[in-house]
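One structure is given here, and the rest of the page talks about it.
The values are calculated or read from the model by the stated rules, or taken from the named source; none is laboratory data. Please read these numbers as outputs of a predicted model, since none were measured by experiment. FYI the Cβ positions are ideal-geometry reconstructions off the backbone, even for glycines, and counts take in every protein chain you see. When the accessible area is computed, the model is the full protein with side chains, heavy atoms only, and any ligands, DNA or RNA have been set aside. Shrake-Rupley method; radii C 1.70, N 1.55, O 1.52, S 1.80 Å.
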Amino acid sequence: MGEELKAPKKIQLAMYWAASCGGCDMAVLDVNEKILDIAAVADIRLWPIAMDYKYKDIEKWADGEIDVCLFNGAVRNSEQLHLARLLRQKSKVMVAFGSCASFGGIPGLANLHCKKTIFEAVYGYTASTVNPEGTTPQTHTHVPEGDLHIPEFFDDVYSLAQVIPVEYYVPGCPPTPETVMTAVNAIATGNLPPVGSTIGISKAVCDECKRTKSDKPGIVEFHRPQEIFVDAEKCLLEQGLTCMGSATRGGCGSLCPGVNMPCRGCYGPMPNSLDVGADALSAMTSIVDAAEEGDARAKVGKMVDPLGTFYRFTLPVSMLRRAARPLQG
Amino acid sequence: MEPRIGVFVCHCGTNIAGVVDVRRVAEAAAAWPDVVYATEYKFMCSDPGQGMVKDAIVKHNLTRVVVAACSPRMHEPTFRKACAMAGLNPYLFEMANIREHCSWVHEDKEAATLKAIDIVRTSVAKARLLEPLQARVVSVTPKVLVVGGGVAGIQAALDIANAGTKVVLVERSQSIGGHMAQLDKTFPTLDCSACILTPKMVQVAQHPNIDLMTWSEVESVEGFVGNFKVKIRRKARYVDEATCTSCGVCLEKCPKKVPSEFDEGMMTRKSIFRSFPQAVPGKPVIDKESCTYFKNGKCKICEIFCEPKAIRWDDEDRVVEESVGAIIVATGMGLIDPHGLGQWGYGRFPNVLTGLEFERLNNATGPTGGRITCKDGSTPKSVAILHCVGSRDRNHKEYCSRVCCMYALKFAHLIKEKTHATVYNFYIDMRCFGKGYEEFYNRLLHEGVKFIRGKAAYVTNQALTDEETGHLVVSAESTTLGQVLRVPVDMVILASAVAPQKDAEAVARLFGMGRSPDGFFMEKHPKLEPFSTATDGVYLAGSCQSPKDIPDTVAHGAAAASTAMSLISRGTVEVEAAVAEVLTDSCSGCKICQDVCPYGALSFHADTRVAEINGSVCKGCGTCVATCPSGAIVGRHFNDRQILAQIDAAFLW
């Protein structure tokens, strides 16, 4: 009895998902046996992927009852927004976990469209859609059994910090097990950086990449990975692949470049970066091997899907934020 | 602590106040956050204007100063100094340009005033985020590199050497002397060009402070003002200078003849040669390209006849390194490629010459020993001199070449004197602006030279009349008569345009200089600093900056020398602090920045594996800052936060 009283109080941990694919939750499981270490220091109070729960269970908690909430996924509807606000209220420390919560992530690319055009596609003209009545989701529907409510779908996809105050960020799509454990250890030991920080390293993926870079890098032609035989030793950027490694925060151990795939940028911008897409774009175009402007234009023009490449994970938090909405009417 | 900003709006007489309501600008500024003092004054750059800034810093405890006036190129240093004198770090000063960017380019007073307010607002937004910076002081190497041994380079080298400072004079051809050495007489005094130039050339050779390197070229330039490291390629001469006695026997015996560059290809020289008889140095070199021995391994006739045994077949190019504090670029001018001038008969008719070809024809050491003859040896009875061939011509060079009118007058005088031929000058305008030039023109008018006001349209040999048969015919519209004339002559001299040297672009890059639209090297300021470049410590002398006659070239050379000397005498130089800096914690060594710096300030540190910037070489242009994908290079005084604050202020405030 006396022993138990002396034992340090376990960390009250909540994990939640919003607009996400589930990968971040899998990443937590990916730490394998170390999950036991987590369980040793933390009471997992909420984890929808593993345990049943109801809204009312959360509502019953006292404010600040949860020490740390790991929130993954972007916010793009009213239910997600509600839960984000609710969990904020209940948690001392809110962590944006994974790229979607941190920067908007892949769902953030929906900011190239808006609710109207997304509904038109999804409930209208995609190949698998059969919807002769043109039915689209409504927040309120009256049926004989009563009123049905479903969450409202927003025009924009938001990062977590765009809707509630966030203390820390853990990037990655998904965060690697090492990143997860670094974050858990930092939380468990209380050895946390200043509020607002990203838990991770300050150097770019290039720092961890083993590939050789020439002294004066140049890009002769842009390619997609499937179009060339990738040299296993040479810098991918110099082979014409739009590798985001130089503009992306490290910490992943340069996983993708290590297996001949260009970095996709999932760990997000560097600490001093204002706009990771602009950083990468201006860097790559600066080293295009072109004699004059027309040549440069033609070579850069060969780049496939520049917006999806440079803002793949960060569009909602970028300076662009979103595409212009179509004019009403 | 919140910044305390003072805003000072300048009238610049009526330059700004004539269009912009300066009082309204000051009143608007007074209402912005952190602005604690705002006023306007007639001339902010004047002593009382600077005094206002200094007083306000003390009285209102200002921590930032914004002056809204002209371009920072004009008065940023003035106000930085004023701030420093009042105890404020000079980098806490910001200049808003409401003259060049506003009042000078607008007429609508209301709109211009609103724009001026916008401009000042963006400067205030930036000023709030300014950071104090410290300029570094570095010492200056007391030695000057002069590139080019024409009269500009000679003048500059002698002035500096006479001031007691060491000079390295690099010339790419065998001898110094440049174009001036090719001339026979000079206008308007008709001095013998060689007679006034060769004493200066000899002084160069004899001067203990001048290290003369002919047959040499600058290969690379590194470093920054006060501390340049220069690599000079000394091409193999194959003649040992210490042993050679300049006897000249080899020049007679060498069997291989090639066109002489010095004589514009009108005469030949040998493979072992000196450019001209008074060449400095007088010791010849072997031109490997044409030498029979180097081509097929046989000959060596020069060696056989060389009594002092000075020929060295195993000589090789050497690259020497020099440390200098300043560089004077005096690489001179070229001429427009005359083969593009077929309209005026060049290359089609043997008796159509360029001006420089005529100089050699008229010269005592030239192909005819100074007799003016047609190609067939006959003396011309009539000669046409066509002005502005390729100059003042949208199809070729838009500028005036500045020397042609006067040398055309000189030619006319010399032709009349030597041959009594009828001389026609076809001109657009006579530009005789120098000392004694107009007088020379008047003298020529009385010597019976015919002046036809009209640019020559073409030169043909297709005769329309018996009178024209067997002659060249110059067609031109005389704008005084309002008639198209056809004038048959025996010889045509083209006053072809002066042009930048063919390799001007490479030379500009080598020394970090810009070029103006005409292709000549760009001066720092067209009026006040025509002898400086945008690169500190690199100066311009002579016609590499723009076409010049001899007096202007000499004056320009002396001006460049005195500017270089004021740097050398000072002994130290302050290096700009508004430069780029690497945040080593964020640099992952991706090397993407390595090739973008136009000034060679970037390198890669092999041990720490991060980029490095030499703050003394960096100009703060921001190219690497924009290139760095990792946000690891910061442009001091122009950082992202400051620039975004300006953009926000322009659109959101």
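Within the stretch B:95-134, being of a type in the set (Gly, Ala, Ser) and crowded, with 16+ Cβ neighbours inside 10 Å holds for B:Ala96, B:Ser103, B:Ala112, B:Ala116, B:Ser123, B:Ala125, B:Ala127.
Is there a residue being more than 13 Å from chain B (Cβ to nearest Cβ), under 17 Å from the mean Cα position of the chain (by Cα), assigned to a loop (DSSP other than H, G, I, E, B) and hydrophobic (A, V, I, L, M, F, W, C) anywhere in the stretch A:292-309? Within the stretch A:292-309, none of the residues are more than 13 Å from chain B (Cβ to nearest Cβ), under 17 Å from the mean Cα position of the chain (by Cα), assigned to a loop (DSSP other than H, G, I, E, B) and hydrophobic (A, V, I, L, M, F, W, C). Within the option set B:Gly390, B:Gly436, being farther than 18 Å from B:Leu190 by Cα and either of a type in the set (Ser, Thr, Tyr) or open to solvent by less than 40 Å² (accessible area, probe 1.4 Å) (or both) holds for one residue only, B:Gly390. Answer yes if at least one residue in the stretch B:292-313 is closer than 30 Å to B:Gly542 by Cα and out of contact with any helix residue (DSSP H, G or I) (no Cβ under 6 Å at 6 or more places or on another chain), and no otherwise. No - not one qualifying residue is present in the stretch B:292-313. Mind listing whichever residues of the stretch B:614-636 are open to solvent by less than 50 Å² (accessible area, probe 1.4 Å), within 21 Å of B:Asp585 (Cβ to Cβ) and more than 14 Å from every other protein chain (Cβ to nearest Cβ)? Hits for the stretch B:614-636 are B:Gly615, B:Cys618. Considering A:Val288, A:Val304, A:Val259, A:Val230, the condition of being among the β-branched types (Val, Ile, Thr) and under 18 Å from B:Cys628 (Cα atoms) is satisfied by A:Val288 alone.
It is to be established whether one or more residues within the stretch B:374-381 are assigned to a helix (DSSP H, G or I), at pLDDT 95 or above and closer than 24 Å to B:Val473 by Cβ. Checked against the condition, which is being assigned to a helix (DSSP H, G or I), at pLDDT 95 or above and closer than 24 Å to B:Val473 by Cβ, the stretch B:374-381 yields no hits at all.
Just to be sure before I move on: is B:Leu510 surrounded by fewer than 21 Cβ atoms within 10 Å (Cβ to Cβ), closer than 19 Å to B:Val218 by Cα and in contact (Cβ under 8 Å) with a residue 60 or more places away in the chain in the structure I sent? So B:Leu510 passes the test. Regarding the stretch B:236-245, can at least one residue be identified that is out of contact with any helix residue (DSSP H, G or I) (no Cβ under 6 Å at 6 or more places or on another chain), buried (at least 21 other Cβ atoms within 10 Å of the Cβ), among the small types (Gly, Ala, Ser) and under 30 Å from B:Pro142 (Cα atoms)? Taking every residue of the stretch B:236-245 in turn, none turns out to be out of contact with any helix residue (DSSP H, G or I) (no Cβ under 6 Å at 6 or more places or on another chain), buried (at least 21 other Cβ atoms within 10 Å of the Cβ), among the small types (Gly, Ala, Ser) and under 30 Å from B:Pro142 (Cα atoms).
Note on the stretch A:159-259: enclosed helices (runs of 4 or more DSSP H) holding 1 or more residues that are within 10 Å of another protein chain (Cβ to nearest Cβ) are A:205-208. Going by what's in this entry, would B:Lys257 be described as in contact with a Ser or Thr (Cβ under 7 Å, 6 or more places away or on another chain) and more than 16 Å from B:Met213 (Cβ to Cβ)? So B:Lys257 passes the test. I'd like to check something: does the stretch B:559-580 contain any residue that is within 23 Å of A:Ser246 (Cα to Cα) and touching a Gly at 6+ places or on another chain (Cβ under 7 Å)? The answer is yes, given that some residue of the stretch B:559-580 is within 23 Å of A:Ser246 (Cα to Cα) and touching a Gly at 6+ places or on another chain (Cβ under 7 Å).
Listed here are the helices (runs of 4 or more DSSP H) enclosed by the stretch A:1-88 that have at least 2 residues being charged (D, E, K, R) and either open to solvent by less than 40 Å² (accessible area, probe 1.4 Å) or at pLDDT 90 or above (or both): A:55-60. Only a single item in (1) among the small types (Gly, Ala, Ser); (2) part of a loop (DSSP other than H, G, I, E, B); (3) over 21 Å from the mean Cα position of the chain (by Cα); (4) away from chain B (no Cβ under 14 Å) is not met by A:Ala323, and it is number (3). Does B:Met74 satisfy being surrounded by fewer than 22 Cβ atoms within 10 Å (Cβ to Cβ), over 30 Å from B:Thr165 (Cα atoms) and modelled with pLDDT under 95? It is true that B:Met74 is surrounded by fewer than 22 Cβ atoms within 10 Å (Cβ to Cβ), over 30 Å from B:Thr165 (Cα atoms) and modelled with pLDDT under 95. Do any residues in the stretch A:262-288 that are in a helix (DSSP H, G or I) have Cβ atoms under 6 Å from those of residues that are open to solvent by 50 Å² or more (accessible area, probe 1.4 Å), where the two are at least six apart or on different chains, and which pairs are they? Listed by first residue and then by second, the contacts come to A:Ser282/B:Ala626. Scanning the stretch B:559-609 for residues that are more than 13 Å from B:Ile633 (Cβ to Cβ) and among the acidic types (Asp, Glu) yields B:Glu574, B:Glu576, B:Asp595, B:Asp607. All of B:Glu27, B:Glu40 fail the test of being over 44 Å from the mean Cα position of the chain (by Cα) and either of a type in the set (Ser, Thr, Tyr) or not in a loop (DSSP other than H, G, I, E, B) (or both), apart from B:Glu27. Here the stretch A:89-103 is the region considered, the condition is being over 10 Å from A:Val166 (Cβ atoms) and not in a strand (DSSP E or B), and the residue that is most open to solvent (accessible area, probe 1.4 Å) is A:Gln89. Residues that are in contact (Cβ under 8 Å) with a residue 12 or more places away in the chain, over 21 Å from B:Gly325 (Cβ atoms) and open to solvent by 50 Å² or more (accessible area, probe 1.4 Å) within the stretch B:526-551 comprise just one, B:Pro551. Inside the stretch B:594-613, residues that are open to solvent by less than 70 Å² (accessible area, probe 1.4 Å) and within 10 Å of chain A (Cβ to nearest Cβ) make up a count of 5. Consider the stretch A:220-268 and keep the residues that are among the β-branched types (Val, Ile, Thr) and open to solvent by less than 50 Å² (accessible area, probe 1.4 Å). The one that is nearest to the chain's Cα centre (by Cα) is A:Thr248. All of (1) under 25 Å from B:Leu145 (Cα atoms); (2) at pLDDT 95 or above hold for B:Ala580 with one exception: (1). Checking each residue in the stretch B:513-525 for being under 16 Å from B:Ile327 (Cα atoms) and free of Cβ contacts under 8 Å to residues at least 12 places away in the same chain picks out only B:Lys524. Being modelled with pLDDT of 95 or more, touching a Lys or Arg at 6+ places or on another chain (Cβ under 9 Å) and surrounded by 22 or more Cβ atoms within 10 Å (Cβ to Cβ), is that true of even one residue in the stretch B:393-403? There is at least one residue in the stretch B:393-403 that is modelled with pLDDT of 95 or more, touching a Lys or Arg at 6+ places or on another chain (Cβ under 9 Å) and surrounded by 22 or more Cβ atoms within 10 Å (Cβ to Cβ). Consider the stretch A:270-291 and keep the residues that are facing chain B (nearest Cβ under 8 Å) and open to solvent by 30 Å² or more (accessible area, probe 1.4 Å). The one that is farthest from the chain's Cα centre (by Cα) is A:Ser286. For the stretch B:620-638, a residue qualifies if it is without any contact (Cβ under 8 Å) to a residue 60 or more places away in the chain and closer than 12 Å to B:Val579 by Cα, and the qualifying residues are B:Gly620, B:Cys621, B:Gly622, B:Thr623, B:Cys624, B:Val625, B:Ile633, B:Val634, B:Gly635. For the stretch B:425-458, filtering for residues that are under 19 Å from B:Tyr346 (Cβ atoms) and over 34 Å from the mean Cα position of the chain (by Cα) leaves 0.
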